[in-house]
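Each reported figure results from applying straightforward, stated rules to the coordinates on display, with no laboratory input. For clarity, every value in this text was computed on a predicted model and none was experimentally measured. Here the Cβ positions follow ideal geometry from the backbone for every residue, glycine too, while neighbour counts run over all protein chains shown.
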Amino acid sequence: MSIRLGVNIDHVATLRNARKISEPSPLEAAKVVKKSGAHLITIHLREDRRHINDNDAKQIIKNIDLDINLEIGPTEEMIDFAINHKPEFICLVPEKREEITTEGGLNLDLKEVILAIEKLQKNNLNVCLFIDPTIENIKKSKQLDIKYVELHTGNYSNNFLKNFDKEISLIKDCAKLCKEFNISCHAGHGLNYDNVALIAKIKEISELNIGHSIISNSIFFGLEKSIKKMIEIMKNSRE
Ligand code: PXP
């Protein structure tokens with residue numbers, strides 16, 4: 001199985017919003033992502049619109065001929081947006097206004113999460129759940145008839161320079177169970193050129209979503225080069 005890279009371009013909008021003008025443009029960034037050979041574009045429409053806004057999301061979904069992975073919280077407003085604009089994938093994430101980034105995976109026992117899944121599935125949309133890597137979460141995803149999950153690699157990434165044995169073995173066990181259940185297993189959060197190889201090596205994982213480190217590197221080396229370097233590392237670690 002090959003591995004896909006989704007590039008999260010939220011931070012292009014973060015920079016644009018710092019000046020409240022039109023550049024840098026997330027739509028232009030999306031074009032570069034496609035040209036660089038990445039496989040999908042990830043954007044997170046947050047409740048407070050701190051980076052990507054409605055117009056960015058609409059323009060990118062409409063104009064970019066690449067799979068779009070729209071991350072949203074399980075709220076009525078966001079679910080309706082997804083149903084109206086139909087990106088190829090919808091990744092449900094928990095969302096707290098005060099957090100700096102998505103800090104943990106979804107709680108699959110919450111009524112609002114179950115209702116959001118049901119509504120998206122009824123509208124024939126591909127639903128992915130951003131979850132902490134636990135066996136319990138994979139079993140619950142199976143019960144919810146979910147076909148895609150994204151494992152939160154934040155704990156692995158944060159512990160990469162310390163002791164990450166526990167985190168990596170949890171991720172491996174979850175990825176194996178996903179395969180058994182016929183669930184596509186994705187992963188992401190905090191991945192960079194140093195820590196990505198061990199995750200990309202897990203053959204049951206079919207997609208990684210990476211944002212901060214790629215956009216950070218692009219300041220120094222350009223977006224295309226930074227994406228190509230990540231694809232190269234992912235490919236090499238797979239072989
Ligand atoms: N996957 C999900 C569900 C996320 O919320 C984020 C951060 O927006 C990412 C992946 C990318 O994480 P990072 O920016 O740390 O690479």
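Among the trypsin sites (Lys or Arg not before Pro) in the range 1-91, which ones are in a DSSP loop with at most 10 other Cβ atoms within 10 Å of the Cβ? Mind listing them?
20
Check which residues have an amide H placed less than 5 Å from residue 184's amide H, if you skip close sequence neighbours.
148, 149
Let's see if you can work this out: charge +1 on each Lys and Arg Cβ, -1 on each Asp and Glu Cβ, no other charges. What is the dipole magnitude of the range 27-167 about its Cα centre, in debye to the nearest 20? Mind showing how you got there, number by number?
On the way: 20 positive and 25 negative charges, 77 e Å.
Around 360 debye, computed over the range 27-167.
Quick one: what are the phi-derived ³J(HN,Hα) couplings along the range 134-144, Karplus 6.51/-1.76/1.60 with θ = phi - 60°, whole Hz, x for glycine and proline?
Those phi angles translate into 10, 4, 4, 5, 5, 4, 5, 4, 4, 4, 8 Hz.
Place +1 on the Cβ of every Lys and Arg and -1 on the Cβ of every Asp and Glu in the range 95-207, take the dipole about the Cα centre, and give the residue among 104, 171, 190 whose Cα lies farthest towards its positive end.
Farthest towards the positive end: 171.
Taking the Cα centre of the range 111-160 as origin, sum charge times position over the Cβ atoms of Lys and Arg (+1) and Asp and Glu (-1), and report the length of that vector in debye to the nearest 20.
It comes to approximately 180 debye.
How much length would be gained if the chain were fully extended between residue 2 and residue 25, taking 0.36 nm per residue of separation minus their Cα-Cα distance, in nm to one decimal? Can you show the working numbers first?
Details: separation 23, 0.36 × 23 = 8.28 nm, distance 3.03 nm.
Going from the current span to full extension adds 5.2 nm.
Around residue 101, what is the net charge, scoring Lys/Arg as +1 and Asp/Glu as -1 over all other residues with Cβ under 12 Å from its Cβ? Please list the in-between numbers first.
Details: positive: 46, 50, 96; negative: 10, 71, 95, 98, 99, 103.
Here the count lands on -3.
Any idea what the dipole of the chain comes to, in debye rounded to 20, about its Cα centre with Lys/Arg Cβ at +1 and Asp/Glu Cβ at -1?
That gives a dipole near 640 debye.
From the residues 202, 87, 129, which one has its Cα farthest along the dipole of the chain in the positive direction, the dipole being from +1 and -1 charges on Cβ of Lys/Arg and Asp/Glu about the Cα centre?
Farthest towards the positive end: 202.
Please identify the cysteines of the chain that lack any partner cysteine with a Cβ under 4.7 Å from their own Cβ.
174
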